[in-house]
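**Student:** Handing you this structure, nothing more for now.
The values are calculated or read from the model by the stated rules, or taken from the named source; none is laboratory data. Note that the structure is a prediction, hence the values are computed from the model and not measured. Here the Cβ positions follow ideal geometry from the backbone for every residue, glycine too, while neighbour counts run over all protein chains shown. Heavy atoms of the whole protein, side chains included, go into the accessibility calculation; ligands, DNA and RNA do not. Shrake-Rupley method; radii C 1.70, N 1.55, O 1.52, S 1.80 Å.
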Amino acid sequence: MSKKQTGSTAALKRLMRYLLHYWFLLLASLLMAFISVALTLYLPILTGNAVDLILEPGRVDFAGIRNIAVTMGICILITAAAQWIMNVCNNKMTYGIVRDVRRDAFDKIQRLPLKYLDGYTSGEIVSRVIADVDQFADGLLMGFTQLFTSIVTILGTLLFMLLIHPGVALVVICITPVSLFVAAFIARKTYHMFQVQSETRGEQTGFIDEMIGNLKVVQAYSRETASMETFHEINDRLEKCSLKAIFFSSITNPATRFVNSLVYAGVGIAGAIAAIHGAMTVGQLTTFLGYANQYTKPFNEISGVITELQNALACAARIFALIDTEPQIPDAEDAVVLEQVKGNVGIQDVSFSYVPEQKLLQHVNLNVRAGQRIAIVGPTGCGKTTLINLLMRFYDVDEGSIRVDGHDIRNVTRNSLRDSYGMVLQETWLRTGTIRENIAMGRPDATEEEIQEAARLSHAHSFIKRLPQGYDTVIHEGSDSLSQGQKQLLCIARVMLCHPPMLILDEATSSIDTRTEIRIQKAFNHLMEGRTSFIVAHRLSTIQEADVILVMKDGNIIEQGNHEELLEQQGFYYNLYYSQYRNSN
Amino acid sequence: MRKLLVYLKDYKKESILAPLFKMLEASFELFVPLVMAAIMNQGIQQKDLPFIWKMAGILLLLAVVGLSCSLTAQYFAAKAAVGFAAKLKAALFSHIQRFSFSEIDEAGTATLITRMTSDMNQVQNGVNMVLRLFLRSPFIVLGAMVMAFIVDWKGALVFVVAIPLLSIVVFGIMLITIPRFRKVQEGLDRVLGITRENITGVRVIRAFHQEEEEEKRFHISNEDLTRLQLIVGRISAVMNPVTFIIVNAAVIALLFIGGEQVDTGHLTQGEVVALVNYMNQILVELVKLANLIITITKAVACGNRIQAVFEMEVSQEFSETEAEENRKDEIIVAFEDVSFAYRNAGDEALSHINLQVKRGDTIGIIGGTGSGKSTLVHLLPRFYDVTKGRIRIDGVDIMEYPKDQLRNKIGIVMQKAVLFKGTIRENLLWGNENATEEQLQRALRIAQGLEVVERKEGGLDARITQGGKNLSGGQRQRLTIARALVREPEILILDDSTSALDYATDARFRKALSELAPKPTIFLVSQRTASIQNADRIVVLDDGEVAGIGTHEELLEHCEVYQEIYHSQNQKEVQRA
């Protein structure tokens, strides 16, 4: 609890820093809220005064009413203006802070170590940047102004009521807590029902997910009737518990309205009695009734706002945790800029693990001479990407060092290191934009000829030309206009354009048709000519042609050597080779 | 949305009573200012204490009656809304169940799930709100005006002017903002899209050090979103102040007119107060109404989406009468000049397929992705209907079989190994509800699934979590194969379904399969020549057309496409040979 508390206070403090940019708007908003509430409360008094000037035939003070009307008019205009300014300030402040927080969060993501990002699903991070920010903006900022106006309203009402007639005010003060009590009571009682409802609803959603998500299987086994029966059973249960939850929770409103009516009646009687004894005028009673009508509303709002605030603070804490995460260590000031890389890579006594308890690479040594091909093989999940992570410096080694042309890569600028590699991953990633923009990603200054030449060398030019808009075809996230293989060809073209001295390639396992696969193979071969290449290999030919084969299993390199050497060892590779790659005989 | 309302018809009573009681409650609320006026006029001016107490009693009574009316209304509304949603859900679920694969593809399962869940909740919420509030708010607004007329027609004229003015402001602003809110949503979607894209592509982005470029892209969309939000905000910001001015201006007008009427003896002081109170009531209700309309707009949009699913017609019809099959025929499956195009696709996925399959044969089907392999086998259980030609099974056109008779002949193992929440046994029984323990064991043995079951605590009764997440891909695949075998089908279709099995297991499975007696007719779909080269006959597909049919040896000799596939997968072997 105390930990949660400090989390919230920390989040509040962080929020204050963002608010500081908008201190003027904040002050203006609070001031306007104060003015508008005060005047809104003052208006019933004026109305009451006017009513007191309307007594009976012949006893109506028109001049007086006119005076009051003028005052009222001024108050109304000022209040309206104040409300408007307050709304505008709140909008600017809220959306401004949302923009700032989102921008900072996104910019931070660009600088976070991959270790952090890999620890979450992309959905989780997206929901922080989008949903959490939205919710905290709504909850925190709206809630904040609402809380402020509610409190001012309550205090102001109390003050005015006490000033007009303390006795009648006391009646209001005594009855009000009943409303809060009733609301709290109902909320407590319905909590359980809501829980049952949300569990049952979860069960139904799960069932729907399963049955409709896999409808094809359901149909293949003619299970429609059976699944319908189960559905009905859950649906009936949900209907019953939903009815309870919805009905009992909807009691809150009428119940508080009932209490409100009690307050109203109480004021009516007490006021009338006071009026009979001359302690109060009819106009003042009117004012009181006006107050009684709106007095309980802020109480209800406050209880709602407080849950919302708690929720919003939790969201804020999450998003600030992201923004405040330690970024990757920046490049040293004297970091070397790699130029004219030959492609010698030395891995010296490298140890690495994602989590300390689970050792992965231990004391790995490997010397790669310029132009060599390194094939990385092993069963799925053996940790082939770990090596890519280290070479590209997505992760830093725990012990030992990796050197490129003799430079420890930790003393080299990240950009020049990554420029030295061309990377084609199996999960093809293309950015929303045209095909041209995607190919030119690494070299935005490339000419049209260079782009087309790269596409031609990657065997992508012919299919791009056949697309309706050619190089201007726009690719969307998850768009189906390109096949997986075509996307891969584009990724190859993207690297082809950059002429990197070294390569990291991830061969596709399946799901690409044979002909495209042959093309990709050709493109890969062309790309690899004269370049140091690290290939996550699945194809027999690639493996056999490699200068060095690294056999990985359970995250570690267990064997290393060329094809013949490894076969002679009769170890893991030997088995792998005979079970997986030569299974056709 | 309108067509969905038929599901309310079992709740006619509730749907009428709920708003009715709500209106009753509202009417009682409308009496309150009149009672207060009476207190002021009679009670205070004539110092009539017993009268005041009597009126206080009436106020209390009104409150109690109002509360009970309101509770009744809430109950009926909740009952109707929940019942409606339950009926609608059941109807939609059953409708979706009847969809053929074409409709499933067209709508997409993710969309269908959203329709069944979150859209449904919105609609339920909307119906509930409408029943409770939609009549109440206009009723109070108009009721207040009527009451004003009862009190004094001259004063009521202020209402006649103020109410339309207020309505114009409130609904006008809503009309202007709702489409702009949609724009804001689109802006938000763009920001979301960029964020997601950025995170999924983080490695590539860093490899090409595109971080700053990405930031620029994000900032543009982010600023754009803020701008859109501010525009909407600026318009909405006008609502409160303007309504405030109108209502209070009306109050001032009431004071003047009231003063005049009192002066001439047409009105009492208490009645002026009553008029002012009615005016204030209107403001509260209009704000509620505006919020309500937003909820309704959302619910209607969701309802329309649900209705669109209902309007998707089920494109397939199945015969009702059992077909007279001939299980003795040597030819079990015959494709007769079959062509097929997916709905909304321009080109045919399969063209002019002719194929006769002998009972008990194993048919290998090979070709690149998109060549039509899966499509071909999906035509057999009528997951999709041929667009031209016909298919016969056991001598009967498959269009003449009832659904269950046709599908019970076939056991299909799909590419994606899907299991369902429940025990392993329950999952296997999907193949055949009446399968004996022995049959289950036999199916598991062939599918190499016995060790999977043995390793799980509880054996056959071990729980499988949703989506089979507590099993590995290979384990899932073996169980889905077993599920198909439990059916002991005439025709077994294996659609690239041993990809997660290691070589040794795959080999054992294929051996066990070939020793089955009686041997089913097997369709074996694969990308790899190694998996199918022992088949009795191999069908080579290329771009939806048959490029060759024959045994492995025959095809290696004559079929160019097959040679290409084979060599690309076995380069070294050929060079060595």
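**Student:** For a label point 7 angstrom out from the Cα of residue B:557 toward its Cβ, which stretches of segment B:346-389 have the backbone nitrogen within less than 20 Å?
**Tutor:** Once the point is set 7 Å along Cα→Cβ of residue B:557, B:364 turn out to lie under 20 Å by backbone N, inside segment B:346-389.
**Student:** Let me ask something else about it. What are the residues whose amide H is under 5 Å from the amide H of residue B:423, where those residues sit 5 or more places off or on another chain and H is modelled from the backbone?
**Tutor:** Amide H to amide H, under 5 Å and 5 or more residues apart or across chains, residue B:423 pairs with B:464.
**Student:** If you don't mind, another one. Skip the ligands, DNA and RNA, and give the accessible area per residue of segment B:439-480 with a 1.4 Å probe, whole Å².
**Tutor:** Per residue, segment B:439-480 has 48 Å² of solvent-accessible surface.
**Student:** What is the Cα centroid distance between segment A:64-89 and segment A:215-237, reported in whole angstrom?
**Tutor:** When both Cα centres are located, 63 Å separates them.
**Student:** Using the Karplus curve 6.51 cos²θ - 1.76 cosθ + 1.60 with θ = phi - 60°, work out ³J(HN,Hα) for each residue of segment B:189-203 in order, rounded to whole Hz, and write x for Gly and Pro.
**Tutor:** So the Karplus estimates, Gly and Pro as x, are 4, 5, 4, 4, x, 5, 4, 5, 4, 4, 6, 5, x, 4, 5 Hz.
**Student:** For residue B:154 paired with residue A:70, estimate the spin-label separation in nm (one decimal), with each label point 7 Å from Cα along the Cα-to-Cβ line.
**Tutor:** With each label point 7 Å from Cα toward Cβ, the separation is 2.4 nm.
**Student:** Would you mind getting the accessible area per residue of segment A:188-278, heavy atoms of the protein chains only, 1.4 Å probe, in Å²?
**Tutor:** Ligands and nucleic acids excluded, the result is 41 Å² per residue.
**Student:** Next up: Need one word for segment A:213-335: rounded, prolate or oblate. Basis is the Cα gyration tensor (sqrt eigenvalues a ≥ b ≥ c); a/c below 1.5 gives rounded, then a/b vs b/c decides.
**Tutor:** oblate
**Student:** Taking Cα centroids, how far is segment B:230-251 from segment B:307-374 in Å?
**Tutor:** For segment B:230-251 versus segment B:307-374, the Cα centre distance is 64 Å.
**Student:** Between chains A and B, what is the buried accessible area in Å², counting both sides, with a 1.4 Å probe and ligands, DNA and RNA left out, to the nearest 100?
**Tutor:** Buried: approximately 13100 Å² between B and A.
**Student:** Taking the Cα centre of segment A:257-352 as origin, sum charge times position over the Cβ atoms of Lys and Arg (+1) and Asp and Glu (-1), and report the length of that vector in debye to the nearest 20.
**Tutor:** Value, rounded to 20: 1140 debye.
**Student:** Residues of segment B:113-139 with amide nitrogen under 17 Å from the 7 Å Cα-to-Cβ point of residue B:301?
**Tutor:** B:114-127
**Student:** Moving on to the next point. Kindly provide the GluC sites (Glu not before Pro) of segment B:438-468 that DSSP labels as loop, not H, G, I, E or B, and whose Cβ sees at most 11 other Cβ atoms within 10 Å.
**Tutor:** Here the GluC sites (Glu not before Pro) that fit, given the DSSP loop and packing criteria, are B:457.
**Student:** Quick one: net charge around residue A:234, please, counting Lys, Arg +1 and Asp, Glu -1 for every other residue with C-beta under 13 Å from its C-beta.
**Tutor:** Local net charge: -3.
**Student:** Sticking with this one: Calculate, for residue B:185 and residue A:122, the FRET efficiency according to 1/(1 + (r/R0)^6) with r their C-beta to C-beta distance and R0 25 Å; round to the nearest 0.05.
**Tutor:** That pair, residue B:185 with residue A:122, gives E of 0.75.
**Student:** Kirkwood Rh, Cα Rg: Rg to Rh for the protein assembly as shown?
**Tutor:** Over the Cα atoms of the protein assembly as shown, Rg/Rh equals 1.06.
**Student:** Enter the angle in degrees (range 0 to 90, nearest 10) between the Cα long axis of helix A:448-457 and the first principal axis of the Cα atoms of chain A, meaning the one along which they spread out most.
**Tutor:** 60
**Student:** Relative to the longest principal Cα axis of chain B, at what angle does helix B:120-129 sit, 0 to 90 degrees, rounded to 10?
**Tutor:** For helix B:120-129, the angle is close to 20 degrees.
**Student:** Among A:160, A:231, A:214, which residue has its Cα positioned farthest towards the positive end of the charge dipole of segment A:124-235, with +1 placed on the Cβ of Lys and Arg, -1 on the Cβ of Asp and Glu, and the dipole taken about the Cα centre?
**Tutor:** Selected residue: A:160.
**Student:** If Lys and Arg each add +1 and Asp and Glu each add -1, what is the summed charge of the other residues whose beta carbon sits under 11 Å from the beta carbon of residue B:385?
**Tutor:** Counting the neighbours of residue B:385, the net charge comes to +3.
**Student:** Using the basic label-point model (7 angstrom from Cα toward the beta carbon), what is the residue B:321 to residue A:473 distance in nanometres?
**Tutor:** Distance between the two pseudo-spin positions: 5.2 nm.
**Student:** Given +1 on the Cβ of Lys and Arg, -1 on the Cβ of Asp and Glu, and no further charges, what dipole in debye does the protein assembly as shown carry about its Cα centre, rounded to the nearest 20?
**Tutor:** 3220
**Student:** When the accessible area of segment A:416-469 is split by element with a 1.4 Å probe, what percent falls to carbon and sulfur?
**Tutor:** 49
**Student:** Lysines near residue B:328 by alpha-carbon distance under 20 Å, same-chain residues fewer than 8 away left out - which ones?
**Tutor:** B:358, B:409, B:519
**Student:** Measure off, as a whole percent, the carbon and sulfur share of the 1.4 Å-probe accessible area of segment A:1-109, all protein chains present.
**Tutor:** It is 69 percent, rounded to a whole number.
**Student:** Heavy-atom accessible surface, probe 1.4 Å, ligands and DNA/RNA ignored: which residues of segment A:260-298 lose at least 50 Å² versus the isolated chain?
**Tutor:** Output list: A:264, A:269, A:276, A:282.
**Student:** Now a separate question. So which aspartates and glutamates pass the test for residue A:297, namely a Cα distance under 15 Å, with those fewer than 8 places away in the same chain ruled out?
**Tutor:** B:285
**Student:** Return the sequence-ordered ³J(HN,Hα) values of segment B:473-487 in whole Hz as given by the Karplus equation 6.51 cos²θ - 1.76 cosθ + 1.60 applied to θ = phi - 60°, using x for Gly and Pro.
**Tutor:** Result, rounded to whole Hz: x, x, 4, 4, 4, 5, 6, 5, 5, 4, 4, 5, 6, 4, 5.
**Student:** Let me ask something additional. Amide H neighbours of residue B:547 under 5 Å, at least 5 residues apart or on other chains, H built in the peptide plane: list them.
**Tutor:** B:540, B:541, B:542
**Student:** Across segment A:427-444, in residue order, what do the Karplus-derived ³J(HN,Hα) couplings come to in whole Hz, using 6.51 cos²θ - 1.76 cosθ + 1.60 with θ = phi - 60° and x for Gly and Pro?
**Tutor:** Those phi angles translate into 6, 5, 10, 10, 8, 4, x, 7, 4, 4, 4, 5, 5, 8, 3, x, 9, x Hz.
**Student:** Then there is this: What shape does segment B:115-173 have by the C-alpha gyration tensor, where a ≥ b ≥ c are the square roots of the eigenvalues, rounded means a/c under 1.5, and otherwise prolate means a/b greater than b/c and oblate the rest?
**Tutor:** Cα axes put segment B:115-173 in the oblate bin.
**Student:** To continue, here is another question. So between residue B:354 and residue B:508, what do we pick up on full extension, going 0.36 nm a residue minus the alpha carbon distance?
**Tutor:** 52.2 nm
**Student:** Using a loss threshold of 30 Å², tell me which positions in segment B:27-48 are less accessible in the complex than in their chain alone. Probe radius 1.4 Å, ligands and nucleic acids ignored.
**Tutor:** B:36, B:40, B:44, B:47
**Student:** Does segment A:76-215 come out rounded, prolate or oblate, given a ≥ b ≥ c as the square roots of the eigenvalues of its C-alpha gyration tensor, rounded meaning a/c under 1.5 and, failing that, prolate meaning a/b above b/c?
**Tutor:** oblate
**Student:** What is the percent carbon and sulfur in the accessible area of segment B:6-103, measuring with a 1.4 Å probe over the protein chains and ignoring ligands?
**Tutor:** Whole-percent figure for carbon plus sulfur exposure: 71.
**Student:** A further question on this structure: Can you give me the distance in nm between label points at residue A:408 and residue A:562, each placed 7 Å from the Cα along the Cα-to-Cβ direction?
**Tutor:** Rounded to a tenth, the inter-label distance reads 3.3 nm.
**Student:** Here's another thing I want to ask about it. Could you pull out every residue, at least 5 positions away or on a different chain, whose amide H is within less than 5 Å of the one on residue A:571? Hs are placed 1.01 Å off N in the peptide plane, and Pro or chain starts have none.
**Tutor:** Residues meeting the criterion, in which the H sits 1.01 Å from N, do not exist here.
**Student:** Can you compute the charge dipole magnitude of segment B:206-336 about its Cα centre, using +1 on each Lys and Arg Cβ and -1 on each Asp and Glu Cβ, nothing else charged? Give it in debye, rounded to the nearest 20.
**Tutor:** For this selection, approximately 1180 debye.
**Student:** Suppose R0 equals 51 Å; then what is the FRET efficiency for residue B:519 and residue A:396 from their Cβ-Cβ distance, rounded to the nearest 0.05?
**Tutor:** Here the calculated transfer efficiency is 0.30.
**Student:** Keeping all protein chains in the complex and leaving out DNA, RNA and ligands, what accessible area do you get for residue B:82 with a 1.4 Å probe, in Å² to the nearest 10?
**Tutor:** 10
**Student:** Which of the GluC sites (Glu not before Pro) across segment A:325-411 are loop residues per DSSP, with 10 or fewer other Cβ within 10 Å?
**Tutor:** Of the GluC sites (Glu not before Pro), the ones in loops of segment A:325-411 whose Cβ has at most 10 other Cβ atoms within 10 Å are A:333, A:339, A:357.
**Student:** Calculate the FRET efficiency for residue A:456 and residue B:212 from the Cβ-Cβ distance with a Förster distance of 25 Å, rounded to the nearest 0.05.
**Tutor:** 0.25
**Student:** Also, I was wondering about something else. If the cut-off is 24 Å between C-alpha atoms, which lysines fall inside it for residue B:89, apart from same-chain ones fewer than 8 positions away?
**Tutor:** A:216, A:240, A:244, B:3, B:9, B:12, B:13, B:79, B:298, B:421
**Student:** Related question: Between residue A:115 and residue A:547, what is 0.36 nm times their sequence separation minus the Cα-Cα distance? Round to one decimal in nm.
**Tutor:** Here the segment from residue A:115 to residue A:547 would lengthen by 152.4 nm.
**Student:** I'd like the GluC sites (Glu not before Pro) in segment B:322-429 restricted to DSSP loop residues with at most 12 other Cβ atoms within 10 Å, sorted by number.
**Tutor:** Sites meeting the loop and neighbour criteria: B:322, B:324, B:330.
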